[in-house]
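What follows is a short report on a single structure.
The values are calculated or read from the model by the stated rules, or taken from the named source; none is laboratory data. These figures come from a predicted structure and were not determined experimentally. We place every Cβ from the backbone using ideal geometry, glycine too, and count neighbours over all the protein chains shown. Accessible surface areas use protein heavy atoms only, side chains included; no ligands, DNA or RNA. Shrake-Rupley method; radii C 1.70, N 1.55, O 1.52, S 1.80 Å.
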Amino acid sequence: MFFDFKFWHFLTDPQQLSSRLQTSEMRGFNKRVAAVFLFGILLFVFREIWGMGTESITPLLPTMTATDYTIARYASLVGTILWALVYLSFHFFGFAYILSLLTAIPFQKLLPMQLLMTGLLLIEKTLVLIVFMMKGATASVSFLSFGPLAVTFLDSYYLILFLNQLTITTALILTFQFRFIRSYSGITERKGWFWILFGIHIGMALIVASVGLIPFESLFHSLVERGVGHE
C-alpha cells in the first residue's frame, strides 16, 4: 500500500504518521523535502535582505566605498545561504540521526517526522519576521520564547540567549517527537524518554547560546577593514 506525505495532515497526528510508515510505502516525500528546503533558504535570504542579522555590516557603510559595501552585503548573503543549509540539514538529517541512535528506529523512518519539525521551526521564524516587519524594527529576543521575560530580571547575556532558544515551538516539537517515538517503538516508559528528549533540546539550546557569544561582529569588521586597507 502507498500513502501520500501531507505536511498539514500529519502535523496534527504523529501517531497516524507512525502507523503509516510501518505499514505502507510513502509517496511525494522528496518533493516535500525540496519544498521545505527551498522555502527555508528563501526565508533566510529575505530576512537578510530586509535587515535581520546585518547589524555588523550597517556600521561599515560610512567607512568604505559603495563598491566595498556592496561586496560585503553579497558576502553576508552567501553566508546566510550557507547557514540556512547548515540549519536545515541539522534539524532534518542531524536530529533524525541522533534520535535513530537513541531509539533504534531506522533513520529513514525518522526523516518524515523531522521534516515536519523543521517546517514548524520555519513557521516560527516566519511569524517573528512578520511581526518585526509590522513594527519596522527587530529585537535580539523572540516574543515566542522566554527571552523577553529573561531580559527583565537576568543580567547574564548567556542565560538570556539560552532562554531565548526555549520557545512555544520547542514545546510543540518535543511533544510531537515524544508521541511519534512512543507510537512507533511501543515504548511504555513515558517519563524516561520524555526527559531524554527534553535533555537533547536543552543541550542544543546551550550550544546555540554559546555560539551567540562569539563576537562575529568584531571578526567581520576586522576582516573587512583589513581587506579595504590592502587595496
Exercise. If you go through segment 1-23 one residue at a time, how many are open to solvent by 100 Å² or more (accessible area, probe 1.4 Å) and outside any helix (DSSP H, G or I)?
Worked result: 4
For this session: Answer yes or no as to whether Met134 is out of contact with any Leu (no Cβ under 8 Å at 6 or more places or on another chain), exposed (fewer than 13 other Cβ atoms within 10 Å of the Cβ) and either of a type in the set (D, E, K, R) or at pLDDT below 90 (or both).
Result: yes
Seminar exercise, completed: Residues of segment 24-50 being surrounded by 15 or more Cβ atoms within 10 Å (Cβ to Cβ) and not in a helix (DSSP H, G or I), in sequence order, are Met26
For this session: Using the structure shown, decide if Thr67 is open to solvent by 20 Å² or more (accessible area, probe 1.4 Å), part of a helix (DSSP H, G or I) and either under 21 Å from Ser183 (Cβ atoms) or modelled with pLDDT under 85 (or both).
Result: yes
Problem set entry | From the options Leu172, Leu115, Leu129, residue that is open to solvent by 30 Å² or more (accessible area, probe 1.4 Å) and either touching a residue at least 24 places away in the same chain (Cβ under 8 Å) or not in a helix (DSSP H, G or I) (or both) | Leu172
Seminar exercise, completed: Cβ pairs under 7 Å, 6+ apart or interchain, first in segment 27-49 and touching a residue at least 24 places away in the same chain (Cβ under 8 Å) and farther than 29 Å from Phe2 by Cβ, second basic (Lys, Arg) and surrounded by 16 or more Cβ atoms within 10 Å (Cβ to Cβ), ordered by first then second residue, are Leu43/Lys125
For this session: Please determine, by comparing only the residues of segment 175-229 that are of a type in the set (Lys, Arg) and at pLDDT 70 or above, which one is surrounded by the fewest Cβ atoms within 10 Å (Cβ to Cβ).
Result: Arg179
